[in-house]
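Chemist: Below are the structure tokens for one structure; questions will follow.
Just so it is clear, none of the values below were taken in a lab; they were calculated from the coordinates. In this text the structure is predicted, and so the values were computed from the model without any measurement. Counting neighbours? That spans all protein chains shown, and the Cβs are built from the backbone with ideal geometry, glycine included.
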Amino acid sequence: MATTIKDVAREAGVSVATVSRVMNGHAAVTPETRERIQRIAKELRFTPSSAARSLITRRTHTVGALLPDLHGEFFSELIRGIDVAARARGLHLLVSSSHGSTAEASAALRAMHGRVDGLLLMSPHMDPAVISGSLPPGMPAVIMNSGVDNTLHTTFRVDNFGGAQAMVHHLASVGHRSIAFIAGPEDNHEAQERLRGYRSALAQALPGTPELVLPGDFTDASGERAGHELLALSQRPSAVFAGNDMMALGCLAVMTQRGLSVPQDIALAGFDDIPICRYVHPPLTTVRVPIVELGALALAELASTIEVPDRPPSGTRLLRAELVVRQSSLRPG
């Protein structure tokens, strides 16, 4: 039979409550008693029950993350940043997706009730009504990359607007006068900010130049569709700026299949700087989002809020997006 906390208490000559205090890290135990209990617990191969510990501490030592999707390198890198930071603090990670649905976002949040000590939220559906209606009162939460203005929770945002502006100015500076943009999902805050940055910079860098916006949904398939549309135009743009790297890679595949050379025939750029961008041919010019850092910072903020529930939220923190110039956007010949 497995060793119980009563066995450890009997062997150490102390109460069950004293053993419990040692196992849960409470300070109200003398160093000598703590050392004796820990030694006996090790000798008896006693492993505290996580369920019992949770009942005592009211902690699960688990945090939840609700993301718009779990597919693709962006979310893989984001989860990696969250997970590394969580493990460094002895926390487990429970991940779910809203799958583009307000109802599913709410259902996922309710499913985490009682299972997590706090939540990281990234979803285009995280409006104040959904948050207040789906989170238990007092549940620590941190918002990531949302357009929600919520004074109750710390928010981390990437400067998508500034990053898109920087890309358009770069393309204009190397000689491009016709720049198309492949947009992301219409209800996605990040996609909206990147489109706004494209339009703003186009008006600044190339006043009077008409915009050329094609629909997309952040998938490589939508990038392929946009690539076919672009190549069917009678007057093709000299550069294409995709709202994320996956769409840029889908567009690149179409260009390659159709015998076009990038950037000699048409320049191409993306957004996010997922790892594969530096290895495709040609290497992709993009806007680097600190994806891993975003996850790690959000987790660190959440962990601090869990430890000190009454600490005020830190407001909105904006992370810089950095232009990364590679071969795919060289000056046209």
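Chemist: Between 0 and 90 degrees, rounded to the nearest ten: what's the tilt of helix 160-173 against the longest Cα principal axis of the chain?
Modeler: It works out to around 30 degrees.
Chemist: Expressed in nm to one decimal, what extension gain is obtained for the pair Val308 and Glu104 from 0.36 nm per residue of sequence separation less their Cα-Cα distance? Show your work: numbers first, answer last.
Modeler: Values: separation 204, 0.36 × 204 = 73.44 nm, distance 2.99 nm.
Taking 0.36 nm per residue and subtracting the Cα distance, the gain is 70.4 nm.
Chemist: Hey, another quick one. Output wanted: per-residue J couplings in Hz (rounded whole) for segment 188-196, from phi through Karplus 6.51 cos²θ - 1.76 cosθ + 1.60, θ = phi - 60°, x for Gly and Pro.
Modeler: Listing the rounded values in order: 9, 4, 4, 4, 4, 5, 5, 5, 5 Hz.
Chemist: With a 10 Å cut-off between alpha carbons and a GNM built on the chain, which of Val292, Val84, Val16 moves the most?
Modeler: Greatest mean-square fluctuation among the candidates belongs to Val16.
Chemist: Once you list every other residue whose beta carbon is under 13 Å from the beta carbon of Arg317, what net charge do they have if Lys and Arg are +1 and Asp and Glu are -1?
Modeler: On the way: positive: Arg157, Arg320; negative: Asp159, Glu293, Glu301.
Here the charged neighbours net out to -1.
Chemist: Still on this structure, I have one more. What are the residues whose amide H is under 5 Å from the amide H of Val213, where those residues sit 5 or more places off or on another chain and H is modelled from the backbone?
Modeler: Here the answer is Phe181, since their amide H atoms fall under 5 Å of that of Val213.
Chemist: Also: From the phi angles alone, apply the Karplus equation (6.51, -1.76, 1.60; θ = phi - 60°) to segment 62-73 and give each ³J(HN,Hα) in whole Hz, x where the residue is Gly or Pro.
Modeler: Those phi angles translate into 10, 10, x, 9, 9, 10, x, 7, 10, 9, x, 5 Hz.
Chemist: What's the angle, to the nearest 10 degrees (0 to 90), between helix 31-43's Cα axis and the longest principal axis of the chain?
Modeler: 80 degrees
Chemist: Also, quick follow-up: Report the extension gain between Ile276 and Glu293 in nm, rounded to one decimal, defined as 0.36 nm multiplied by the number of residues separating them, less their alpha carbon distance.
Modeler: 4.3 nm
Chemist: Next question. From the helices alone, meaning DSSP H stretches of at least four residues, give me the mean residue ellipticity at 222 nm for the chain, per-run term -39500 (n - 2.57), in deg cm²/dmol to the nearest 500.
Modeler: Values: 12 runs with 143 residues, N = 333.
-13500 deg cm²/dmol, from helical runs alone.
Chemist: Next question. What does the charge count near Leu212 come to, summing +1 for each Lys or Arg and -1 for each Asp or Glu among other residues with Cβ under 13 Å from its Cβ?
Modeler: Values: positive: Arg177, Arg199, Arg236; negative: Glu211, Glu229.
So the environment of Leu212 carries a net charge of +1.
Chemist: Which residues among segment 184-199 fall inside the zone where the amide N is under 13 Å from a point 7 Å beyond the Cα of Leu318, along Cα→Cβ?
Modeler: 197
Chemist: Give the residue list of chymotrypsin sites (Phe, Trp or Tyr not before Pro) in segment 130-232 that are DSSP loop and have at most 15 other beta-carbon atoms within 10 angstrom. Walk me through the numbers before you get to the answer.
Modeler: Values: sites: Phe156, Phe161, Phe181, Tyr198, Phe218; in loops: Phe218.
Those that pass, being in a loop and sparsely packed, number zero.
Chemist: Most fluctuating residue of Gln204, Gln235, Gln38 in a GNM of the chain with Cα springs under 10 Å: which is it?
Modeler: Comparing Gln204, Gln235, Gln38 in the GNM, the peak value goes to Gln38.
Chemist: Given H placed 1.01 Å from N in the peptide plane, which residues other than close sequence neighbours of Ala141 have an amide H under 5 Å from its amide H?
Modeler: Those lying under 5 Å, H to H, from Ala141 are Leu119.
Chemist: Please list the non-local residues whose amide H lies under 5 Å from the amide H of Leu323, H modeled 1.01 Å from N, same-chain partners needing a gap of 5 or more.
Modeler: Arg288
Chemist: Further question: What's the angle, to the nearest 10 degrees (0 to 90), between helix 102-111's Cα axis and the longest principal axis of the chain?
Modeler: The answer is roughly 20 degrees.
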